[in-house]
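Colleague: Pasting in a structure now, in structure tokens, and then I'll have a few things to ask.
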């Protein structure tokens, strides 16, 4: 039984959702041929009419969507807690957030930097996250407000509101609001986009700004929408540059086609209200980004990501590139990490390995964005894809798939810029289903569409109930490396400053790193360093001679501090 549970655990939520869908489908198929008559004796029609009236108040809907995310997730803190960072990326983003929160763009290299080397950061020429700055800005805002995760709540709420605003430009008001409700239920509350420190919502927010501005500009060119589109592109360049570039190609081609077509706007209007404001935002963004990288890497055209990969990585990011020679590794755990990357790269260069990784990418994407519930509307995609208005969302999703085929690694949030395009297609598919009829069951499609938000809400209720009753149907809440967080909290309660030397066992989980530090290491209450042996450690002990020093093995169960 333990082995069986371990095998199905990663797929348990999808399995539960599928079972609920089967049960709902059985109920729908057993309904009488005249469901509309029965609905008049239920609350469905009244609820739908009230929903439609609310949807016409578009600005209010945008505000309510964001407010619901903040209020519901805050109310769930006593049940599922506040997440703790676990993965290397999260700590890297937190380093950027801490740096920005203290009014700096980067940090000087520490004299003892060799002892603090870790993943997804750079130590030279400055000490900083390797990632673009947008995610760090989000976490910095949260830190200024009291806790970095506050920034994660706010950007996820903004993402949901922006997607609601975007859908209003593409769909009738009721359908736009329905799509926003699904975004809140599927992405805004219990997904890792909310409950980690990846700040992935910022890229989806930016993509929604671009896609929301585009149809509004087609109807009436206004400077406001041009500025919002430009802002979206600038945020994408500073959050997910490659995926943002791929996302922007179909939009740029569509814009050129429109401006050169028969129904193009007059040149003075398009120049002064569209091209000039858009270029102004893009140029300002490019100057600011270049200055940021000048401060971090010393070169305005060299990203911190490039510095990190050239310093540590052997495996390149794209499939057509060649591996680099092995660099100097001062820590065994870092060598093991980057050799694992190299193995992934080499595997992707065989047909079987490439196909296996492509299927794994597709499954992880499906599991996050769709699962069984939102796969159902896609049965109408062949009809929806034929519509001229839907050509751009289809092209964006196709471009993202083509872009991912060239990458060695892919996580669901890499698709974040195109989240809006996906939800446009999903909701349009639901509109198509709404009108489907069968000879023996009346409006079958209507019943299916009504069931989708009900089942999505049921899944939220089920997960929260399971967390409250400690029934494990998914990883325990709160998410993250709670052991490290508890030990750091214990150290912060002690008098004086502390330092922990970390070592690992032979079967160490390479994705569970303990050596991470604040932006200002010398002033930190707790410093984490690598245990390099008594001789090499001595220079570190001499430097931090006023700190109380501990050792810990991050792989011990339970992990314990040793003086």
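Okay, residues lined up against (1) closer than 26 Å to residue 103 by Cα; (2) modelled with pLDDT of 95 or more; (3) surrounded by 12 or more Cβ atoms within 10 Å (Cβ to Cβ):
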residue: 257; (1), (2), (3): no, no, no
residue: 261; (1), (2), (3): no, no, no
residue: 270; (1), (2), (3): no, no, yes
residue: 284; (1), (2), (3): yes, yes, yes
residue: 295; (1), (2), (3): yes, yes, yes
residue: 299; (1), (2), (3): yes, yes, yes
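Colleague: A further question on this structure: Among the residues of the stretch 523-557, write down those that are free of Cβ contacts under 8 Å to residues at least 40 places away in the same chain and in a loop (DSSP other than H, G, I, E, B).
Modeller: Within the stretch 523-557, 523, 524, 525, 531, 533, 545, 557 qualify.
Every residue, every condition in (1) more than 23 Å from residue 514 (Cα to Cα); (2) under 22 Å from the mean Cα position of the chain (by Cα), yes or no:
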position	(1), (2)
68	yes, yes
94	no, yes
97	no, yes
106	no, no
112	no, no
116	no, no
120	no, yes
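Colleague: Taking the residues in the stretch 192-201 that are in contact with a helix residue (DSSP H, G or I) (Cβ under 7 Å, 6 or more places away or on another chain) and part of a loop (DSSP other than H, G, I, E, B) as candidates, determine which candidate is surrounded by the most Cβ atoms within 10 Å (Cβ to Cβ).
Modeller: Out of the qualifying residues, it is 200.
Colleague: Of the numbered conditions (1) crowded, with 19+ Cβ neighbours inside 10 Å; (2) out of contact with any strand residue (DSSP E or B) (no Cβ under 9 Å at 6 or more places or on another chain), residue 498 satisfies every one except a single condition; which is it?
Modeller: (2)
For every residue, the table says whether it meets (1) under 24 Å from residue 143 (Cβ atoms); (2) loosely packed, with under 14 Cβ neighbours inside 10 Å; (3) within 33 Å of the chain's Cα centre (by Cα).
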| position | (1), (2), (3) |
| --- | --- |
| 534 | no, yes, no |
| 542 | no, yes, no |
| 550 | no, no, no |
| 559 | no, no, yes |
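Colleague: Within the stretch 476-484, is even one residue over 30 Å from residue 189 (Cβ atoms) and surrounded by fewer than 19 Cβ atoms within 10 Å (Cβ to Cβ)?
Modeller: Scanning the stretch 476-484, I find no residue that is over 30 Å from residue 189 (Cβ atoms) and surrounded by fewer than 19 Cβ atoms within 10 Å (Cβ to Cβ), so the answer is no.
Colleague: Going by what's in this entry, would residue 520 be described as surrounded by fewer than 18 Cβ atoms within 10 Å (Cβ to Cβ), touching a strand residue (DSSP E or B) at 6+ places or on another chain (Cβ under 9 Å) and in a loop (DSSP other than H, G, I, E, B)?
Modeller: Yes.
Colleague: Only one residue in 253, 228 is under 27 Å from the mean Cα position of the chain (by Cα) and within 20 Å of residue 66 (Cα to Cα). Which one?
Modeller: Being under 27 Å from the mean Cα position of the chain (by Cα) and within 20 Å of residue 66 (Cα to Cα) holds for just one of 253, 228, which is 228.
Colleague: Any residue at all in the stretch 479-488 that is over 27 Å from the mean Cα position of the chain (by Cα) and either assigned by TED's automatic domain parsing to the domain that holds residue 170 or not in a loop (DSSP other than H, G, I, E, B) (or both)?
Modeller: yes
Colleague: Test each condition in (1) modelled with pLDDT of 95 or more; (2) surrounded by 15 or more Cβ atoms within 10 Å (Cβ to Cβ); (3) not assigned by TED's automatic domain parsing to the domain that holds residue 246 for residue 289 and report the one that comes out false.
Modeller: (3)
Colleague: Just to be sure before I move on: is residue 277 buried (at least 17 other Cβ atoms within 10 Å of the Cβ), outside the structural domain of residue 508 (by TED's automatic domain parsing), touching a helix residue (DSSP H, G or I) at 6+ places or on another chain (Cβ under 9 Å) and over 18 Å from residue 106 (Cβ atoms) in the structure I sent?
Modeller: yes
Colleague: Confirm whether residue 414 is in the same structural domain as residue 215 (by TED's automatic domain parsing), touching a strand residue (DSSP E or B) at 6+ places or on another chain (Cβ under 9 Å) and either modelled with pLDDT of 95 or more or at positive phi (or both).
Modeller: So residue 414 passes the test.
The values are calculated or read from the model by the stated rules, or taken from the named source; none is laboratory data. Here the structure is a predicted model, which means the values were calculated and not measured. Every residue, glycine as well, gets a Cβ built from its backbone with ideal geometry; the counts of neighbours run over all protein chains shown.
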